[in-house]
Structure formats: structure tokens, C-alpha cells
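Encoded as C-alpha cells, the structure appears first; notes follow it.
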Amino acid sequence: MTSAQAPIVGVAAALAGATPARTALSQFTLPNHVALVTGGHRGIGLEMALALAEAGATVYCVDLPKHPDEGWLKVQAFAAQLPSLEGGSKGRLEYVCGDVTDQAGMWKIAEDIAAKEGRLDVCVANAGILRGAECLEYPGEEFKKLIDVNVNGVLFSAQAAGRQMQRFGRKGSIILIASMSGSIANQKQHWVAYNTSKSAVLQMGRSMACELGAKGIRVNTISPGYIYTQMTRDFLDTRPHLMAEWSSQNPIGRLGRPDELRGVVLWLASEASTFCTGSDIIVDGGHRAW
């Protein structure tokens, strides 16, 4: 879209004498949009999926369990009770069993979603795992497994969605979940595989953004800091001293909450960020600012 084709909003609308209307907040809504979120069964993925549904999107959560658990079903029911947006659009959550390391499988999931809904607008490639081991002793098979999920899985998810965005002519948004660990090394942690994988995601996002920009598909990454999710909790439960240590490593003095990523994913998914691509949005409580 050229500047001449862009909708007249904001100051331009005021100067043009248009009828006054609140357009700033409406840019963050996703009426009738369709989204795919991997790792959407719990944690950050489910939090982001609910945010997109609240904004009006139909959101397909893709994850490994054959069926969603009781917690996911409660969130689905919560989303179903939300009031409709102005204009009648109402978001919802759906669940799909899928393995992000299966390229053909992910392509088929996205194809089926787009065929059913007639479009696919947003992809949040969030699925990932965390493993640690001393770098000189890191088992090769464990390293390969982590890279398969955190790098290949992100690529396959982005490919799956991007192919359908292109097929249906959608100016879509692909959001890859990286980490501050993609551009720093975590103090005292033996995370060579995890840090390597997240660095790869950052470069993947930049590269895909450059290739897909001409197709109207934007690609950005989000780099969270330490967020207190179930995955983080599982790691910290056996290392309780790390909670205070990690909290002290950012100026805010605490770990982040999954809900504190809702705003950034909604911004990147929506019309509010149409000139943002190839960027990495850091949400780390200032960890990298020291």
C-alpha cells in the first residue's frame, strides 16, 4: 500500500475535515481475523492467543497434547463469554493437535484452517523448549532436539502460515518468539543450545521480513526476558535460589508475567504496526539496559 492508498486517519483526517471518529484504538482490533498460535496450550502461547481472541480473532492453538486440558478449556469458555466488538465481530479459541517439527504436518494444519475460514492473517510461532548442559559436555542428540523444536519448528510454522497468507492474498503478520537470550548470554546458565536457537530465530525473522515484504507479509520477533511461565517454574523449582538472582538482574527487580506480553503481540498482529517489519521487540524489564 502506498501512502496515497493508505486510509485517512489521525491528523490527516482532522486536516481533511473528516467526521471525527476514534480510530486509534480500533487499529488494535482484529475483527474477523484468523490466527495460528503454536505452543498455544499453556503459558505465553495461551496468553497471546486469548489476547488475539479478545481483539476479535478466531485463534487456532496448535500444541502436542491430543486434547486440551481442563485449564485450556476454561480459557476457551472465558473467551466465548466475551462481548462482541462494535460491528458484531467476536473472537474464539480453537485447539489443534500438531507437532511443529513436522513440516508437512504444519503446512497441512495451516492449509486446513485457511480453507475452513477463508483466510489466515496472523501467525505466532511460539512453541519452544528449554534444556541446559555444560557446553563441552552437551549431548549431541539433546542439542539436535532443541534446535529441531526452537529453530526448525519456528520456520515450519512461519512457512505454513505465510503460504496461506500468500494463497489468499492476505497482508499478514508473522510473529516469531525469540528471547533476550538470542542476543545475550544468561549469567551462570549452561544454555548454549537454547541461546543459539533464539539467536537463529532473530536472524530468521529479519531474513523472512526482507523476502516477504513485497508480498505484504510482515515478519517481526519478540524477545522476552525472564517470564514466570510453567516452563520457567519447572526450571526454578529445583533451583529456588535463582528466583531472587534473576529478579535482581533487571531494573524492575522481578520476573515478568505472561500477560505483560499481550500488548506487544496485539500491536504486531494488528493494523497498528503496518510499517513495522524485520524488527525485534524487547520485553525484558530492562535486563539488557544495565
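The values are calculated or read from the model by the stated rules, or taken from the named source; none is laboratory data. Keep in mind that what you see is a predicted model, and the values were worked out from it rather than measured. Cβ: placed from backbone, ideal geometry, glycine included. Neighbour counts: every protein chain shown.
Select from the range 236-255 the residues that are surrounded by 15 or more Cβ atoms within 10 Å (Cβ to Cβ) and touching a residue at least 24 places away in the same chain (Cβ under 8 Å) and write down the one among them that is farthest from the chain's Cα centre (by Cα).
Gln249
Out of (1) of a type outside the set (A, V, I, L, M); (2) surrounded by fewer than 18 Cβ atoms within 10 Å (Cβ to Cβ); (3) closer than 12 Å to Ala35 by Cα, the odd one out for Gly88 is which?
Result: Gly88 fails condition (3) only.
Would you point out the residue of the range 5-51, among those that are more than 18 Å from Ala272 (Cα to Cα) and over 15 Å from the mean Cα position of the chain (by Cα), that is modelled with the lowest pLDDT?
In this case the residue turns out to be Ala14.
Failed condition for Val59, given (1) part of a helix (DSSP H, G or I); (2) of a type in the set (A, V, I, L, M); (3) within 27 Å of Gly256 (Cβ to Cβ), with all others met?
Every listed condition holds for Val59 apart from (1).
Any residue at all in the range 31-52 that's in a loop (DSSP other than H, G, I, E, B) and surrounded by fewer than 16 Cβ atoms within 10 Å (Cβ to Cβ)?
Within the range 31-52, not a single residue is in a loop (DSSP other than H, G, I, E, B) and surrounded by fewer than 16 Cβ atoms within 10 Å (Cβ to Cβ).
Aliphatic (A, V, I, L, M) and out of contact with any Gly (no Cβ under 9 Å at 6 or more places or on another chain): which single residue out of Ala14, Ala55, Ala51 fits that description?
Ala14
Taking the stated definitions as given, is Ser223 part of a strand (DSSP E or B), modelled with pLDDT of 95 or more and small (Gly, Ala, Ser)?
In short, yes.
Here's the yes/no breakdown for (1) in contact with a strand residue (DSSP E or B) (Cβ under 8 Å, 6 or more places away or on another chain); (2) of a type in the set (Lys, Arg); (3) crowded, with 23+ Cβ neighbours inside 10 Å; (4) part of a strand (DSSP E or B):
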{"site": "Lys198", "(1), (2), (3), (4)": "yes, yes, yes, no"}
{"site": "Leu202", "(1), (2), (3), (4)": "yes, no, no, no"}
{"site": "Ser207", "(1), (2), (3), (4)": "no, no, no, no"}
{"site": "Glu211", "(1), (2), (3), (4)": "no, no, no, no"}
{"site": "Ala214", "(1), (2), (3), (4)": "no, no, no, no"}
{"site": "Met231", "(1), (2), (3), (4)": "no, no, no, no"}
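Could you identify the single residue in Leu261, Leu176 that is closer than 20 Å to Tyr60 by Cα and either over 20 Å from the mean Cα position of the chain (by Cα) or part of a helix (DSSP H, G or I) (or both)?
Leu261
Can you say whether Gly71 is surrounded by fewer than 22 Cβ atoms within 10 Å (Cβ to Cβ), assigned to a helix (DSSP H, G or I) and touching a Gly at 6+ places or on another chain (Cβ under 8 Å), as far as the supplied structure shows? Full working, then the answer.
Numbers: surrounded by fewer than 22 Cβ atoms within 10 Å (Cβ to Cβ): yes; assigned to a helix (DSSP H, G or I): yes; touching a Gly at 6+ places or on another chain (Cβ under 8 Å): no.
No.
Under 7 Å between Cβ atoms, at least 6 apart or on separate chains: pull out the pairs that start in the range 94-107 with a residue that is under 15 Å from Gln164 (Cβ atoms) and end on any residue that is assigned to a loop (DSSP other than H, G, I, E, B) and acidic (Asp, Glu).
Close Cβ pairs satisfying both conditions: Gly105/Asp99.
Across the range 140-173, what is the number of residues that are among the hydroxyl-bearing types (Ser, Thr, Tyr) and assigned to a helix (DSSP H, G or I)?
Looking only at that region, the number is 1.
Count, please, the residues in the range 74-93 that happen to be modelled with pLDDT under 95 and either in contact with a His (Cβ under 6 Å, 6 or more places away or on another chain) or not in a loop (DSSP other than H, G, I, E, B) (or both).
Summing the residues that are modelled with pLDDT under 95 and either in contact with a His (Cβ under 6 Å, 6 or more places away or on another chain) or not in a loop (DSSP other than H, G, I, E, B) (or both) in the range 74-93 gives 0.
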